[in-house]
Amino acid sequence: MFTIEAFLGALTLEPAGDDRYRASNIPSEHNVVFGGQLLAQSVMAGLAGQEAKTVKTIHTVFARAASPEAPLDITVERMHGGRSVASSTVTISQGDQICTRSLVLLSADEADVIRHADTPRSSSSPDDAGDIRRSGAWEVGIVGAVDINDPELVGPPELDVWVRFVGAPNDPATDQALVAYSTDGFLIGTAMRPHKGVGQAQAH
């Protein structure tokens, strides 16, 4: 069961030098660090020293699995830091092995010059999620009771998921990190939905 303290502890980066940090892990049942945790920590590392900005995009390469038994070493390389935009490369390692490398683009909140958005494909609400799966502080509801672990279930590569972290602070950086954490549990299963006989249950 995940406590909000465990989530926040993993998102707390301990300084270990100039643009270097050390971070702990949330316990994992698969004996590897959950990829969403590494995404969330990369968000927090990209924001370090950029408090007036928010993460616009993050692109991450998962090079190898990380062990939950050892702390993580995080290095931030600041490529650009302007008044309105900034960019950093965040590398997470254990020992001499790189686990992930992320390109993080950040921006300051400014008035729109133009605005465009596609019409949402779904107008679902948390009330449509049905049964809520609770893992301590992490609550997940999937609209339509779709079981992404069932390799025989076929559907479009779309999934409406509502998540909540009970007790999380009202903090934009933490919000972004926790949303990033949540995505990892659903991306592969959603992409596999059109393909009968393959699914997330076959992972690990």
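The values are calculated or read from the model by the stated rules, or taken from the named source; none is laboratory data. Note that the structure is predicted; figures quoted are calculated from it, not measured. All Cβ positions, glycine included, derive from the backbone under ideal geometry; neighbour counts span all protein chains shown. Only protein heavy atoms, including side chains, enter the accessible area calculation; ligands, DNA and RNA are left aside. Shrake-Rupley method; radii C 1.70, N 1.55, O 1.52, S 1.80 Å.
For the pair residue 62 and residue 191, label points projected 7 Å from Cα toward Cβ lie 0.9 nm apart. Split the accessible area of the chain by element, probe 1.4 Å, and carbon with sulfur accounts for 53%. Centre-to-centre separation between the Cα atoms of the stretch 1-34 and those of the stretch 65-86: 13 Å. Using Cβ point charges alone (K and R +1, D and E -1), the dipole size of the chain about the Cα centre works out to roughly 400 debye.
Solvent exposure of the chain amounts to 59 Å² per residue of accessible area, where only protein heavy atoms count and the probe is 1.4 Å.
Taking 192, 44 and ordering them by how much accessible surface each has at a 1.4 Å probe, largest first, produces 192, 44.
Radius of gyration over Kirkwood radius for the chain, both on Cα atoms: the Rg/Rh ratio is 0.98. Between residue 113 and residue 125, the modelled label-to-label distance comes to 3.8 nm, taking each label 7 Å out from Cα in the direction of the beta carbon. Computed from phi, the 3J(HN,Hα) profile of the stretch 101-112 under the Karplus parametrisation 6.51, -1.76, 1.60 (θ = phi - 60°) reads 9, 10, 9, 10, 9, 10, 8, 8, 5, 9, 5, 5 Hz, with x in place of Gly and Pro.
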